[in-house]
Structure formats: C-alpha cells, structure tokens
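Following: one structure in structure tokens, then a few remarks.
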Amino acid sequence: MLVWLNGRFLPARDARVSVLDRGLLHGDGVYDTWRTYGGVPFATAAHLRRLAAAARVLGLPAPGPARVWERRVRGLVARSGLTDAAVRLTVTRGTAGEALAPERPARPTLLLAVRRLPAHLARRQREGVPVILLPFPRDAGPPWGGLKLVGHPSAVVGRVAASRRGAAEGLYVTPGGEVTEATSANLFLVERGALVTPAAGILPGVTRALVIALARRAGLRVREERVTVARLRRAREVFLTASTIEILPVARLGGRAVGSGRPGPVTQRLQSAYAGHVAVALARAR
C-alpha cells in the first residue's frame, strides 16, 4: 500500500507522522473520502469543498485546488495498482503544540491514502445488506455533526457492534427514538413512491445531495423529515448512500426483512440513474 504524505509518494510502512501531531493527540484535524472509477477520481471538487469548509471551522488551511488533488489521486492509484478505489485525504494541524490551544505555527500534515473498495460491493448492491439499530446516537451534535472530524468513536463502536451481529452497518438512534444516519452513510426510505431522508443531526453527504438531485430530476418527491424507529420499520424500501458504496439497499433491519427482502423498484431506478450520472461525468473527465 502506498500513500502520499506531505508531498511524497512512499510505502505506507515507511510513512511517519510525529507522535506530537495534533491529529493524534487531540483529533485536531479533518478528512474526506471519495472514490475512483477506472483510476479516475469522481466528485473530487465537491468533497474538497466540504473538507475546506470543515477546515475553516477549525482554523486549518484549505487543502488547495481540486485539480491538484485529482492529479495526486490519479498518481497514487496508478502507483498502487488500483483502478476502483476509496480515497481519503486527512488534514491535521501538525505539531503546533501539545496543549489544547496551539502554541506555535506549524506545517499541517497532509495525508492522502487509497484502499480497495468494500468486498463484494457489486453483489451487495444487487442483493442488499443487513443493518442493525444502534442503542446510541452519533457522538457529535450540531454544529460539529456537520463536519468530518478525525475522531469519531461512535462510528467505530457502532461498526464493531454491527459486525458482531453479522450486519454491514449500524444506524444511530437518538434517546427520543429518532434514526439519523449510519456510521458512515446517509439513510433513505421509500414511502408511497416518495423518498424520505433525515435532515437533522446528520453529516450531509455529497452522495446524499447527488441522490436527492437525481431523484427530483426523475420526478420523485423527496422529503427531508424526522424518521422514527417505527416509521423506518414500516418502510417498503430502505437504502444507504455514500461515495464508496453509492446506493446500497438494506435487505434486513434488525433481523427482519425490509419489504420483500430484496432491493425495491425505486432503489433500483435510482441506482441506474446514479450509474448513468457517473458514466457521463467520467467521460468528461477522461
């Protein structure tokens, strides 16, 4: 595995970050994740805009132009021998001091890494996946919940819990019984042919915004509303969205089938629309 660290391509085993890096000590950093198709990065600019907005909140420098990072991503996936890959860019404040308040100016740490996409992704998109409800909410509420910060312990604990129960994902549930999102994806359900997606207490995903736009373009109604556990369990179709998984149908919720237990017609229609949009974007990028 290769990475790009502070201007250099090098094997991950040889990459070194200081033990005093504030990303390690305080979670003082931001990141974003997107993907490549056939070695070509997709939606880089949108992800970098979100990363830059989060960096501004923390007072970190902007990561730079999308075209620069697209070139670096292309170089990294080519050197790594990957074509379809997940990409992650992490920006921390570097070694600006151990106290909570930075003590001195420092060069930020910039780390670009790529990895293989989730195993059996195509089969999961065709057949759907099981998910569980988590007995806790996401650990970051407004306004921090809208930022992709380096530290996210609730996602780690939630994904471990899901894995132990044979599920692909876990859905956060607030003390009031409201379902917000998955540990690394946004949530949609289908009610009477319309899409419903939570809006409060979520990290607004780039893929979520794209799916909403594609749905409206296809003539589907989209409502951003509160989703209770009871409402989710009544849904005939449920799916998750994220850049690395695209549109992933949920076949089972807590051991119970969602609808027929197979991806529904609205989900499949949106999967086709998403694939068409990606194909057009890649044709323009090549």
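Determine the percent antiparallel among the DSSP beta bridges restricted to segment 128-286, to the nearest 5.
Here the share of antiparallel DSSP bridges comes out near 65 percent.
Pop out the Kirkwood hydrodynamic radius of segment 191-286 from its pairwise C-alpha distances, inverse of mean 1/r, in Å to one decimal.
Working: mean 1/r = 0.0706 Å⁻¹.
Result for segment 191-286 stands at 14.2 Å.
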Using the Karplus curve 6.51 cos²θ - 1.76 cosθ + 1.60 with θ = phi - 60°, work out ³J(HN,Hα) for each residue of segment 39-56 in order, rounded to whole Hz, and write x for Gly and Pro. x, 9, x, 10, 6, 4, 4, 5, 5, 5, 4, 5, 5, 5, 5, 5, 4, 4
Please state, as a whole number in µm²/s, the translational diffusion coefficient that the Stokes-Einstein equation yields for segment 39-114 at 4 °C and 1.567 mPa s, with Rh defined as the Kirkwood radius across alpha carbon pairs. 95 µm²/s
What are the trypsin sites (Lys or Arg not before Pro) within segment 167-230 that DSSP puts in a loop, where the Cβ has at most 14 other Cβ atoms within 10 Å? Arg192, Arg221
Considering only DSSP beta bridges with both partners in segment 157-239, what is the antiparallel share in %, to the nearest 5? 75 percent
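What do you get for GluC sites (Glu not before Pro) in segment 87-191 restricted to DSSP loop and a cutoff of at most 14 other Cβ within 10 Å of the site's Cβ?
On the way: sites: Glu98, Glu103, Glu127, Glu169, Glu178, Glu181, Glu191; in loops: Glu98, Glu103.
Answer by residue number: Glu98, Glu103.
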Can you give the FRET efficiency to the nearest 0.05 for Phe9 and Arg49, using r as the Cβ-Cβ distance and R₀ = 25 Å? 0.50
Phi angles of segment 258-270, converted by Karplus (6.51 cos²θ - 1.76 cosθ + 1.60, θ = phi - 60°) into ³J(HN,Hα) in whole Hz with x for Gly and Pro, give 8, x, 7, x, 10, x, x, x, 5, 4, 5, 4, 6
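Give me the extension gain from Ala218 to Arg233: residue separation times 0.36 nm, minus the current Cα-Cα distance, reported in nm with one decimal.
Details: separation 15, 0.36 × 15 = 5.40 nm, distance 2.57 nm.
My answer for the length gained is 2.8 nm.
What is segment 159-276's relative contact order, in percent, from Cα pairs under 8 angstrom and six or more apart in sequence? Don't skip to the answer; put the middle values down first.
On the way: 200 pairs, mean separation 26.6, N = 118.
Relative contact order of segment 159-276: 23 percent.
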What are the ³J(HN,Hα) couplings of segment 3-12, residue after residue, when phi is run through the Karplus curve with 6.51, -1.76, 1.60 and θ = phi - 60°? Round to Hz, x for glycine and proline. 9, 10, 10, 6, x, 10, 8, 7, x, 4
Name the long-range amide H neighbours of Glu169: under 5 Å, sequence gap of 5 or more, or other chain; modelled H, no Pro or chain starts. Ile132
Rounded to the nearest percent, how much of the accessible area of the chain (1.4 Å probe, protein heavy atoms only) is carbon and sulfur? 54 percent
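Per residue of the chain, what 222 nm ellipticity follows from adding -39500 (n - 2.57) for every DSSP H run with n ≥ 4, rounded to the nearest 500?
Working: 8 runs with 93 residues, N = 286.
Helix contribution divided over all residues of the chain: -10000 deg cm²/dmol.
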Inter-site label distance for Leu20 and Thr83 at 7 Å from Cα along Cβ, in nm: 4.6 nm
As a percent rounded to 5, the proportion of antiparallel DSSP bridges among beta bridges in the chain is 85 percent
Hey, can you find the accessible area per residue of segment 1-123 for me, probe 1.4 Å, expressed in square angstrom? 50 Å²
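The values are calculated or read from the model by the stated rules, or taken from the named source; none is laboratory data. Predicted model, so just to flag it, every value in this text is computed and none were measured. Cβ coordinates were reconstructed from backbone atoms using ideal geometry, including for glycine residues, and neighbour counts include every protein chain displayed. To get the accessible areas, we keep the full protein, side chains included, count just its heavy atoms, and leave off ligands, DNA and RNA. Shrake-Rupley method; radii C 1.70, N 1.55, O 1.52, S 1.80 Å.
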